[in-house]
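One structure is given below, encoded as structure tokens.
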Amino acid sequence: MSASLSRIYPLLTEAQIAARVQELGDEIARDYAGKDLVVIGLLNGVYPFFADLTRAIKLDMDVNFMRVASYGHGLESTGEVKILTDIDKSIRGRHALVVEDIVDTGLTLHKVRNLLLDREPASLRICTLLSKPSRRRVEVPVDYIGFSIEDHFVVGYGLDLEGKLRNLPYVGIYNPA
Ligand code: XMP
Ligand code: MG
């Protein structure tokens, strides 16, 4: 990890992330009080955010996961989105909240959203830790956003560089130069 760590500049500290996650959790708990909520995490990148966010939402809920792959190799999107593992429960008539680490082009969530909407949930909303609005290629409604960021490649707190650096406890900008 040490070689790549020297190329990382801190963007969001652990304390900043924790404070924002609690705010999102409070807001989501208010919005879904009394509802049958299924929170769906998009693996792998979402794992630390998902664990922290779901514990910050003081409500009963089902948790479930989808595994999707949207990046081939390196830093650029291939634009191709594959569902590697689907959720294993019905969301028909239930309130689904999809949780993602980062919305970049929007292609991943566009596909996931359409797939899930076909299953007729009572509602479908999206929560992401990070959003890069300047990179959008398709419009996708994102209901809860932790932080909007500039167009940097970021790593840590679930976000990876070719599979590594997900376990950094903070979010940093990766500078390959
Ligand atoms: P799209 O383009 O479909 O991308 O909205 C969503 C997925 O792309 C990955 N992604 C990143 N991963 N640092 C990363 O480690 C980044 O800056 C970054 N931008 C996009 C990520 O897997 C996300 O789920
Ligand atoms: Mg991802």
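The values are calculated or read from the model by the stated rules, or taken from the named source; none is laboratory data. Keep in mind the model is a prediction, meaning the values are calculated, not measured. Heads up, the Cβs are rebuilt from the backbone with ideal geometry, glycines too, and the neighbour counts pull from every protein chain shown. These accessible areas exclude ligands, DNA and RNA; they are computed on the full protein's heavy atoms, side chains included. Shrake-Rupley method; radii C 1.70, N 1.55, O 1.52, S 1.80 Å.
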Quiz prompt | Residue among 68, 63, 103 that is surrounded by fewer than 19 Cβ atoms within 10 Å (Cβ to Cβ) and in contact with a Ser or Thr (Cβ under 7 Å, 6 or more places away or on another chain) | solution = 63
Quiz item: Under the condition of being within 12 Å of ligand 1 (Cβ to nearest atom) and out of contact with any Ser or Thr (no Cβ under 9 Å at 6 or more places or on another chain), which residue from region 119-133 is farthest from residue 106 (Cα to Cα)?
Solution: 129
Quiz item: What is the residue count in region 141-177 for residues that are open to solvent by 10 Å² or more (accessible area, probe 1.4 Å) and either among the β-branched types (Val, Ile, Thr) or touching a Ser or Thr at 6+ places or on another chain (Cβ under 6 Å) (or both)?
Solution: 7
Quiz item: Hey, among the residues in region 71-87 that are surrounded by 13 or more Cβ atoms within 10 Å (Cβ to Cβ) and at pLDDT below 95, which one's nearest to ligand 2 (Cβ to nearest atom)?
Solution: 71
Exercise. Please enumerate the residues belonging to region 1-45 that are part of a loop (DSSP other than H, G, I, E, B) and either under 21 Å from the mean Cα position of the chain (by Cα) or in contact (Cβ under 8 Å) with a residue 40 or more places away in the chain (or both).
Key: 1, 7, 13, 35, 36, 44, 45
Self-check item: Criterion: among the hydrophobic types (A, V, I, L, M, F, W, C) and within 13 Å of ligand 2 (Cβ to nearest atom) - qualifying residue of 159, 117
Solution: 159
Quiz item: Out of the residues in region 27-48 that are within 16 Å of ligand 1 (Cβ to nearest atom) and more than 20 Å from residue 111 (Cβ to Cβ), which is least open to solvent (accessible area, probe 1.4 Å)?
Solution: 48
Quiz item: Taking residue 52, is it open to solvent by 60 Å² or more (accessible area, probe 1.4 Å) and either modelled with pLDDT under 85 or away from ligand 2 (no atom under 14 Å from the Cβ) (or both)?
Solution: no
Quiz item: Under the condition of being in contact with a strand residue (DSSP E or B) (Cβ under 8 Å, 6 or more places away or on another chain) and open to solvent by less than 80 Å² (accessible area, probe 1.4 Å), which residue from region 4-26 is farthest from residue 146 (Cα to Cα)?
Solution: 4
